[in-house]
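Below is one structure, written out as structure tokens; comments come after it.
The values are calculated or read from the model by the stated rules, or taken from the named source; none is laboratory data. Since we're looking at a predicted model, the values are computed, not measured. With ideal geometry, Cβ positions are generated from the backbone for all residues, glycine too; neighbour counts draw on all protein chains shown.
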Amino acid sequence: MHLIIVQNPEEISQLVSKTISSLVVKKPNAVLGLATGSSPIGTYNLLIKDYQNNKTDWSKVVTFNLDEYVGLDAHDPTSYHYFMNHHLFNHININKENIHIPSGIGNITENIKNYENLLENFGPVDLQLLGIGENGHIGFNEPGSTMDSKTRVVNLTASTITANKHFFDHESQVPTQAITMGIATILKANTIVLIASGSKKAPAIKALIHGKVDAQWPCSYLQNHENVIIIIDQEAAKLLEQPKTERKN
Ligand code: F6R
């Protein structure tokens with residue numbers, strides 16, 4: 001695992017957006033695995049700026065999102081479909097047919113099967129962007145998830161529901177289930193870039209880097225992948241034993 005500790009979330013966004021835009025320039029038909037949540041918003045903002053300023057061409061890029069809430073359709077402002085359109089896809093020249101996000105409505109069993117098949121057909125994902133939950137989840141693979149897990153429906157933990165309530169009017173509106181790519185699905189990506197900022201993420205980052213591989217900290221499964229880049233700020237790094245600081249300016 002390659003650890004990069006930067007000063008603040010803005011530096012994380014700069015580094016990750018440069019990594020993604022360089023990949024898209026180098027490989028115009030790149031397959032990207034994308035995340036939602038607060039962590040990647042700054043990165044997506046900078047990718048939009050890059051598109052506007054440098055005309056980076058997204059027309060052949062293929063994307064797969066990690067997860068979606070069960071029961072929310074694409075028009076629901078709290079769905080991850082809506083999030084991705086609002087924060088990235090509506091502002092770049094991506095071909096809408098190349099966007100893949102698990103559907104949380106309709107025949108869920110069928111949706112899940114189709115999603116894994118699509119990933120199989122288009123994959124491997126060149127670069128998978130991940131955030132991390134305070135409880136160490138990646139995607140919505142909550143504690144207890146197994147290393148061989150595939151795309152499936154999961155029950156969200158109370159901690160995840162509380163952490164995500166700020167996207168909703170009230171905590172009671174946060175769906176209790178989601179569809180998520182599994183751990184095995186995520187680990188198939190060629191490169192994984194995990195980002196985290198703030199002290200609330202520090203215990204999960206400690207488990208990811210110093211812990212043993214443990215289903216109670218699903219992030220620790222990333223130790224089994226050969227090409228993981230962890231980009232975090234100093235707050236998220238504060239429980240690390242011997243932070244290896246590599247400054248990028
Ligand atoms: C989102 C996802 C989640 C988030 C995680 C962190 O697609 O898969 O694992 O990355 O919950 O969320 P934020 O960034 O809001 O702290």
Checked 76, 57, 67 against criteria (more than 14 Å from the ligand (Cβ to nearest atom) and surrounded by 15 or more Cβ atoms within 10 Å (Cβ to Cβ)); the one match is 76
Can you tell me how many residues within the stretch 136-164 are within 8 Å of the ligand (Cβ to nearest atom) and surrounded by fewer than 24 Cβ atoms within 10 Å (Cβ to Cβ)?
3
Determine the pairs where a residue that is over 18 Å from residue 192 (Cα atoms) and β-branched (Val, Ile, Thr), located within the stretch 22-42, has a partner that is more than 8 Å from the ligand (Cβ to nearest atom) and at pLDDT 95 or above with Cβ atoms under 9 Å apart, the partner being 6 or more residues away or on another chain.
25/54; 25/56; 25/57
Inside the stretch 66-83, can you point out the residues that are outside any loop (DSSP other than H, G, I, E, B) and either touching a Leu at 6+ places or on another chain (Cβ under 7 Å) or under 19 Å from residue 151 (Cα atoms) (or both)?
67, 68, 69, 80, 81
Out of all the residues in the stretch 38-50, is one or more within 15 Å of the ligand (Cβ to nearest atom), within 27 Å of residue 203 (Cβ to Cβ), surrounded by fewer than 17 Cβ atoms within 10 Å (Cβ to Cβ) and among the aliphatic types (A, V, I, L, M)?
yes
Out of the stretch 188-208, which residues are in contact (Cβ under 8 Å) with a residue 40 or more places away in the chain and not small (Gly, Ala, Ser)?
188, 190, 191, 192, 193, 194, 195, 200, 201, 203, 205, 208
Lone qualifier among 65, 53 - being touching a residue at least 12 places away in the same chain (Cβ under 8 Å) and under 20 Å from residue 21 (Cβ atoms)
65
Which is within 16 Å of the ligand (Cβ to nearest atom) and either assigned to a loop (DSSP other than H, G, I, E, B) or farther than 14 Å from residue 34 by Cα (or both), of 106, 133?
133
Residue by residue through the stretch 36-65, note down the ones that are in contact with a Ser or Thr (Cβ under 6 Å, 6 or more places away or on another chain) and either part of a helix (DSSP H, G or I) or closer than 20 Å to residue 119 by Cα (or both).
42, 43, 46, 47, 50
